[in-house]
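> Handing you a structure now.
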Amino acid sequence: MRVLGIETSCDETGVAIYDTERGLLAHRLYSQIALHAEYGGVVPELASRDHVRKLLPLIEEVMAAAQTTPAQLQAVAYTAGPGLIGALLVGACFGRSLAYAWNVPAIDVHHMEGHLLAPLLEPNPPEFPFVALLVSGGHTQLVDVEAIGRYKMLGESVDDAAGEAFDKTAKMLDLDYPGGPLVAKLAESGTPGRFEFPRPMTDRPGLDFSFSGLKTYTLNTIAQHAGADGLPDDQTCADIAWAFQEAVVDTLVIKCRRALEQTGKRTLVIAGGVSANRRLREKLTAGLAKIRGQVFYARQEFCTDNGAMIAFAGAQRLLAGQQAPLEISVFPRWNMEGLAPISH
Ligand code: KG4
Ligand code: ZN
C-alpha cells in the first residue's frame, strides 16, 4: 500500500510517499526558517500562507520523484494536530480534498505519534515495547509505548518544552531562530565546568520536567557577565551555552533512566527536534549502557518536522483499517493517549 503524507503543523512543509512493501519512496521538505527569522519566531499567519504556496509544487515533485500516479496511492495522510490551527488547516484541507478527489481514504495523523514512530523508518528499528522521550519545540514527554497507538504518559514538562528552552536561550545569547542547533554549535567551543547550572526536578521522585527555572538561571548568568552591549564576551557566551546544554541533557538522561527502571523496559526511543542534539545522543547512549539499555533515534533530517514520519504513521493506521471522516477537523491541542490502538 502506498501513502502520501503531508506535514504542515508549524514552519516546515513536508511531503513524502511511503510504500508498506518498498519503504520510503521519496520525500521533500521546505523550511520556512528564513521567512520567520526576522521576527525571532514563527508568525502563524505567515506560516499558513506559505504552506498554501508550497504544498502543491512539493506534492507534484514527490509524486514525480516516487514515479507515482494518483491511481497508485491507497491513502492520503495529513497532520491533524497538535500545532498551529491555520497551518494545520492548510494540510488538512489539501489532504482531505485530494483523498476525496482520488477516492481513497484520508488519514488524520497525530504529529507527536509521527515523531515517535520516525525511528522505525531506520534500517535497524526498535522493537515494541519501549519508552519514548519526545523532545520538540512544543513538547517534552516520556511515554510508555506498548504498541502503535497504545501510549501512556509517564511524565511531561510542567512549563517550557526542552526545544523551547533551547530557543529562548538562543534568543538571550542573540542567536537566530530556531536556536537549538545554534546553541549546540556554540556549546562546542564552551569550557566544560566553568559554569554549573541546576538539573531541575531531578532531586525528587517523578518523571515530570520543568525548564523555566533553568531559563531564568541562564538569563541571570548572562546578566552577571554582560558587557556594555548587554552580552558577555564570546567565550563566556560559549561557556554558558555549554552549561545550559549540559543541564538540559543531564536532566533528560536522569529522567529517561528513571523511566526505564520504573517500567522495567530496556529500549528507549528519542524523537522530535531536540533528539538531533549530538550531546544528548552521546550521553544517553553512555548513560543507558550502564543499565544495559539501548537508545534508538531517527536520522538527523527525520528528528525535526518532516513528511516521511506522517506518511509512515498514516500507513500504519491505514493497515489497521482506520481513516478520517469526510468532515475536515484539526486539533491544535490533542492528547496522544486518546488515540485508537492498532493491532496488526
Ligand atoms: O520537532 P520539531 O522540528 O518541531 C516541533 O514539533 O516542535 O522541533 C523543533 C525544536 C526547536 O525548538 C529546535 O530549536 C530544536 O527542536 N532543535 C534542537 C536541535 N535541533 C533542533 N535543539 C537542540 N539541539 C539540536 N541540535
Ligand atoms: Zn514536530
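> Output the number of the condition that Leu133 fails; it satisfies all remaining conditions of (1) closer than 28 Å to Pro325 by Cα; (2) open to solvent by less than 20 Å² (accessible area, probe 1.4 Å).
(1)
> Assuming Leu116 fulfils every condition listed in (1) within 16 Å of ligand 1 (Cβ to nearest atom); (2) open to solvent by 10 Å² or more (accessible area, probe 1.4 Å) apart from one, which condition is it?
The single condition Leu116 does not satisfy is (2).
> Mind checking which residues of segment 301-343 are of a type in the set (A, V, I, L, M, F, W, C), assigned to a helix (DSSP H, G or I) and either touching a Cys at 6+ places or on another chain (Cβ under 8 Å) or within 16 Å of ligand 1 (Cβ to nearest atom) (or both)? Don't jump to the end; show me each part of the working.
Step one: filter segment 301-343 for residues of a type in the set (A, V, I, L, M, F, W, C), giving 302-303, 308-313, 315, 318-320, 324, 326, 328, 330-331, 334, 336, 339-340, 342.
In the following step, the residues that additionally are assigned to a helix (DSSP H, G or I) were identified as 302, 308-313, 315, 318-319, 336.
Answer for segment 301-343, where residues must be of a type in the set (A, V, I, L, M, F, W, C), assigned to a helix (DSSP H, G or I) and either touching a Cys at 6+ places or on another chain (Cβ under 8 Å) or within 16 Å of ligand 1 (Cβ to nearest atom) (or both): Phe302, Ala308, Met309, Ile310, Phe312, Ala313, Met336.
> Right, another one. Checking Ala65 against (1) small (Gly, Ala, Ser); (2) open to solvent by 20 Å² or more (accessible area, probe 1.4 Å); (3) at pLDDT below 95, only one condition comes out false. Which one?
Just one mismatch for Ala65, condition (3).
> Restricting to segment 123-144, and then to whatever is within 12 Å of ligand 1 (Cβ to nearest atom) and β-branched (Val, Ile, Thr), can you tell me which residue is nearest to Phe211 (Cα to Cα)? Full working, then the answer.
The first filter runs over segment 123-144 and keeps only residues within 12 Å of ligand 1 (Cβ to nearest atom), leaving 134-141.
Subsequent filtering for residues that are β-branched (Val, Ile, Thr) retains 135, 140.
Values: Val135: 12, Thr140: 10 Å.
Looking at the filtered set, the residue picked out is Thr140.
> Continuing with this model, one more query. Could you list, ordered by first residue, the pairs with Cβ atoms under 6 Å in which the first is in segment 236-249 and more than 19 Å from Ala223 (Cα to Cα) and free of Cβ contacts under 8 Å to residues at least 40 places away in the same chain and the second is part of a helix (DSSP H, G or I) and open to solvent by less than 10 Å² (accessible area, probe 1.4 Å), at least 6 apart or interchain?
These pairs meet every condition: Val249/Leu280.
> Moving on. Return the pairs, sorted by first residue and then second, in which the second residue is assigned to a loop (DSSP other than H, G, I, E, B) and more than 16 Å from ligand 1 (Cβ to nearest atom), the first residue lies in segment 291-315 and is farther than 18 Å from Phe128 by Cα, the beta carbons are less than 7 Å apart, and the residues are 6+ apart or on different chains.
Once the first residue is farther than 18 Å from Phe128 by Cα and sits in segment 291-315, its partners that are assigned to a loop (DSSP other than H, G, I, E, B) and more than 16 Å from ligand 1 (Cβ to nearest atom) give Arg299/Glu122.
> Can I ask one more? Is it the case that Leu182 is closer than 21 Å to Arg281 by Cβ, within 24 Å of the chain's Cα centre (by Cα) and surrounded by fewer than 20 Cβ atoms within 10 Å (Cβ to Cβ)?
yes
> Another question about this same structure. Please name all residue pairs, on different chains or six or more residues apart, with Cβ atoms under 7 Å, provided the first residue is in segment 204-223 and is under 23 Å from Met153 (Cα atoms) and the second residue is open to solvent by 50 Å² or more (accessible area, probe 1.4 Å) and among the basic types (Lys, Arg).
Leu207/Arg258
> Quick one: Glu188 ticks every box in (1) surrounded by 18 or more Cβ atoms within 10 Å (Cβ to Cβ); (2) within 25 Å of the chain's Cα centre (by Cα) bar one, so which box is it?
The failed condition is (1).
> Can you spot a residue in segment 74-86 that is within 19 Å of the chain's Cα centre (by Cα), away from ligand 1 (no atom under 16 Å from the Cβ) and of a type in the set (A, V, I, L, M)?
Yes, some residue in segment 74-86 is within 19 Å of the chain's Cα centre (by Cα), away from ligand 1 (no atom under 16 Å from the Cβ) and of a type in the set (A, V, I, L, M).
> Name the single residue that is surrounded by the fewest Cβ atoms within 10 Å (Cβ to Cβ) among those in segment 251-283 being closer than 20 Å to Leu214 by Cα and within 13 Å of ligand 1 (Cβ to nearest atom).
Arg279
> Then there's this: Residue by residue through segment 167-176, note down the ones that are more than 13 Å from Gln235 (Cβ to Cβ), touching a residue at least 12 places away in the same chain (Cβ under 8 Å) and more than 8 Å from ligand 1 (Cβ to nearest atom).
Matches in segment 167-176: Lys168, Thr169, Lys171, Met172, Asp174, Asp176.
> Just the residues that are open to solvent by 40 Å² or more (accessible area, probe 1.4 Å) and within 8 Å of ligand 1 (Cβ to nearest atom), please, taken from segment 147-166.
Within segment 147-166, Glu164 is the sole residue that qualifies.
> Let me ask you something else. Could you grab the pairs with beta carbons closer than 9 Å, sequence gap of 6+ or different chains, first residue in segment 49-73 and on the phi > 0 side of the Ramachandran plot, second one open to solvent by less than 70 Å² (accessible area, probe 1.4 Å)?
Gln67/Leu25; Gln67/Ala26
> Still on this structure: Assess whether Glu246 counts as being open to solvent by 60 Å² or more (accessible area, probe 1.4 Å), part of a helix (DSSP H, G or I), at pLDDT 95 or above and in contact with a Phe, Trp or Tyr (Cβ under 8 Å, 6 or more places away or on another chain).
Here the answer is no, as Glu246 does not meet what is asked.
> On the given criteria, is Ile6 within 15 Å of ligand 2 (Cβ to nearest atom) and surrounded by fewer than 19 Cβ atoms within 10 Å (Cβ to Cβ)? Reasoning before the result, please.
Working: within 15 Å of ligand 2 (Cβ to nearest atom): yes; surrounded by fewer than 19 Cβ atoms within 10 Å (Cβ to Cβ): no.
In short, no.
The values are calculated or read from the model by the stated rules, or taken from the named source; none is laboratory data. Keep in mind the model is a prediction, meaning the values are calculated, not measured. So basically every Cβ, Gly included, is an ideal-geometry build from the backbone, and we count neighbours across all protein chains shown. When the accessible area is computed, the model is the full protein with side chains, heavy atoms only, and any ligands, DNA or RNA have been set aside. Shrake-Rupley method; radii C 1.70, N 1.55, O 1.52, S 1.80 Å.
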